[in-house]
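The values are calculated or read from the model by the stated rules, or taken from the named source; none is laboratory data. Quick caveat: nothing in here was measured; it's all calculated off a predicted structure. All Cβ positions, even for glycine, are placed from backbone atoms using ideal geometry, and neighbour counts span all protein chains on display.
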Amino acid sequence: MEKKIDWTVFLFILGYHVLLIVFLQIYIFSKGLPSKEILYSFLILFIATGISITAGYHRFYSHKSYRANKLLESILLFFGTLALQGSVISWAHGHRLHHSHVDTEKDPYCIKKGFLFAHVVWLFYLPEPIKKEVVSDLYQKKYLRFQHKYYNLLAVSLNVFLALSLGFLFGDVFGGFVFLLLFRIFATHHTTWFINSLAHTWGKQSFSKELSAVDNYIIALLTFGEGYHNFHHTFPTDYRNGIKWYHFDPTKWLIWISSKIGLVKGYSKVNNKIIYERIKSEEKLHVLH
Ligand SMILES: [Zn+2]
Ligand SMILES: [Zn+2]
């Protein structure tokens, strides 16, 4: 079936890239580097929105790998909305299809269609209509239905308001627009998109060699720990992606620390013996091949 272009998304993504290229140069040539306040606000917003996608949209809503209390869920939902990656319901719908049909025609960001397709081009097409049975648990929540219905309005107005008011507060509205809005959206988008492109291309397959997903610590550095993607595709309900203590997985650390201070009431973790047996059986299979 011929796929139709999603002009709103296409023009939005193209538009903010063009605006960023133009206004970043104008800013640097006319004012130099932004103030410390703008840079720190950029970092805080970048981390808060990025980790709300990995800990919130991904590991909490899509995989239910832990139970967050209402306070933590509200924070993740607020900053996740700011990440401009669609509603929880549509994000989780696409992601659950990605897991159940990975590397096939039904995978929304199938890497077999090319690196750029999995990175961004898939977003330029209208998505499959949402099958309610795939996200029935999320549809039951009224506030998620509300976020889904008014997503564009909520996300755009909150982003513009927050970036410009912070810029105003620090006496640099133009800096707020360039760094806290355009550049931050660019950074959050591409780091998340790397999970679908780079983390299905460049790395090791210790747990499932038949899947395109790979483990790569450099990608983990760029994606708040989601670079251990071969493990994640093999054991998607585990709250961790990097399983060793030294694996860079700040999303896992956030969930673990939250469980110690009562914001998380429990998480799911695959038994070490099962993981070890899986690695051994993959090695044997590989030798047999
Ligand atoms: Zn994947
Ligand atoms: Zn996943």
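Whenever a residue of region 64-79 is in a loop (DSSP other than H, G, I, E, B), its partners that are crowded, with 22+ Cβ neighbours inside 10 Å and of a type in the set (Phe, Trp, Tyr), lying with C-beta atoms within less than 8 angstrom and at least six residues away or across chains, give the pairs 65/239.
Restricting to region 84-143, what's the tally of residues that are polar (S, T, N, Q), more than 16 Å from the chain's Cα centre (by Cα), outside any helix (DSSP H, G or I) and within 16 Å of ligand 1 (Cβ to nearest atom)? Don't jump to the end; show me each part of the working.
Of all residues in region 84-143, those polar (S, T, N, Q) come to 85, 87, 90, 100, 104, 136, 140.
From what's left, more than 16 Å from the chain's Cα centre (by Cα): 100, 104, 136, 140.
Then drop every residue that is not outside any helix (DSSP H, G or I), which leaves 104, 140.
Filter once more, so that each one left must be within 16 Å of ligand 1 (Cβ to nearest atom): 104.
Qualifying residue count for the region: 1.
For residue 226, the requirement of being within 16 Å of ligand 2 (Cβ to nearest atom) and part of a loop (DSSP other than H, G, I, E, B) is met.
For residues that are assigned to a loop (DSSP other than H, G, I, E, B) and of a type in the set (Ser, Thr, Tyr), scanning just region 235-278, find the one that is farthest from residue 71 (Cα to Cα).
The initial filter retains those residues of region 235-278 that are assigned to a loop (DSSP other than H, G, I, E, B), namely 235-249, 261-263, 268-271.
Checking the rest, the ones that are also of a type in the set (Ser, Thr, Tyr) come to 237, 239, 246, 268.
On the way: 237: 22, 239: 19, 246: 28, 268: 20 Å.
Among them, the one singled out is 246.
When you scan region 173-189, do you find a residue that is in contact with a helix residue (DSSP H, G or I) (Cβ under 7 Å, 6 or more places away or on another chain) and outside any helix (DSSP H, G or I), even just one? There is no residue in region 173-189 that is in contact with a helix residue (DSSP H, G or I) (Cβ under 7 Å, 6 or more places away or on another chain) and outside any helix (DSSP H, G or I).
Take the residues of region 195-213 that are within 26 Å of residue 46 (Cβ to Cβ) and within 14 Å of ligand 2 (Cβ to nearest atom): which is nearest to the chain's Cα centre (by Cα)? Don't jump to the end; show me each part of the working.
Of all residues in region 195-213, those within 26 Å of residue 46 (Cβ to Cβ) come to 195-203, 213.
Checking which are within 14 Å of ligand 2 (Cβ to nearest atom) leaves us with 195-196, 199-200, 213.
On the way: 195: 8, 196: 9, 199: 12, 200: 14, 213: 15 Å.
Here the residue is 195.
Every test in (1) away from ligand 2 (no atom under 16 Å from the Cβ); (2) within 17 Å of residue 279 (Cα to Cα); (3) at pLDDT 95 or above is passed by residue 263 save one, and that test is (2).
Scanning region 63-101 for residues that are away from ligand 2 (no atom under 16 Å from the Cβ) and of a type in the set (Lys, Arg) turns up 67, 70. Among the residues of region 41-63, those that are without any contact (Cβ under 8 Å) to a residue 40 or more places away in the chain and either of a type in the set (Gly, Ala, Ser) or in a strand (DSSP E or B) (or both) comprise 48, 52, 56, 62.
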